[in-house]
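Notes to accompany the following structure.
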Amino acid sequence: MNALAVQLGGSIAAVLLLAAIAWKLGLGGDVRLRDEAEARRLGQAAIWGFDAVEVALDRAGIGALLRDAQGRVMLVRRHGVHFVARLIESDAGIRLDHNFLTISAGEPSFGAVTLDLGAKAQVWAGSLRRLEA
């Protein structure tokens, strides 16, 4: 009986130790975009020289659409505890549903994301239709 109690106590201590290490390293957090400035910074980091002049931030902070002065559109989305970005080059993977815009960059590994852009969703969907098919 004592051996079982020691084993159980050791297992609980190990789990708590691993949880403390993960917390200290900042692993497993709920990562969100805080504001448009952060989305612009991520766009600039993804593609050097991409200077966003227009930003549509998802209401929950899981992604954003950015447009630069050249008319290029970039999707920034959460991928695990990081953010990834891709240029949207056509309207092939775009679907509008009221205030929600679902965007697929055309890469299976990148996947699709649905952004809640509010009233901006219709404006962005219209502008994305002008991209080359």
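The values are calculated or read from the model by the stated rules, or taken from the named source; none is laboratory data. If you're wondering where the values come from, they're calculated on a predicted model, not measured in any experiment. All Cβ positions, even for glycine, are placed from backbone atoms using ideal geometry, and neighbour counts span all protein chains on display.
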If a residue must be more than 17 Å from LEU131 (Cβ to Cβ) and aliphatic (A, V, I, L, M), how many such residues does the range 40-63 contain? 7
Note on the range 89-111: residues under 16 Å from ARG59 (Cα atoms) and either outside the structural domain of ALA46 (by TED's automatic domain parsing) or part of a loop (DSSP other than H, G, I, E, B) (or both) are HIS98, ASN99
One residue is enough: does the range 9-32 have a residue meeting the conditions of a type outside the set (Asp, Glu), touching a Lys or Arg at 6+ places or on another chain (Cβ under 8 Å), surrounded by 11 or more Cβ atoms within 10 Å (Cβ to Cβ) and within 30 Å of PHE100 (Cα to Cα)? yes
crowded, with 16+ Cβ neighbours inside 10 Å and not hydrophobic (A, V, I, L, M, F, W, C): which single residue out of ARG129, ARG78 fits that description? ARG78
Could you tell me whether the range 73-88 includes any residue that is in a loop (DSSP other than H, G, I, E, B), out of contact with any Cys (no Cβ under 8 Å at 6 or more places or on another chain) and farther than 29 Å from LEU27 by Cβ? no
Looking only at the range 62-85, which residues are touching a residue at least 12 places away in the same chain (Cβ under 8 Å) and more than 11 Å from the chain's Cα centre (by Cα)? LEU66, ARG67, ASP68, ALA69, ARG72, VAL73, MET74
With the requirement that a residue be touching a strand residue (DSSP E or B) at 6+ places or on another chain (Cβ under 6 Å) and either under 22 Å from PHE50 (Cα atoms) or not charged (D, E, K, R) (or both), what does the range 111-124 give you? ALA112, VAL113, THR114, LEU115, LEU117, LYS120, ALA121, TRP124
Only one residue in ALA52, ALA39 is among the small types (Gly, Ala, Ser), touching a residue at least 24 places away in the same chain (Cβ under 8 Å) and surrounded by 15 or more Cβ atoms within 10 Å (Cβ to Cβ), so which one is that? ALA39
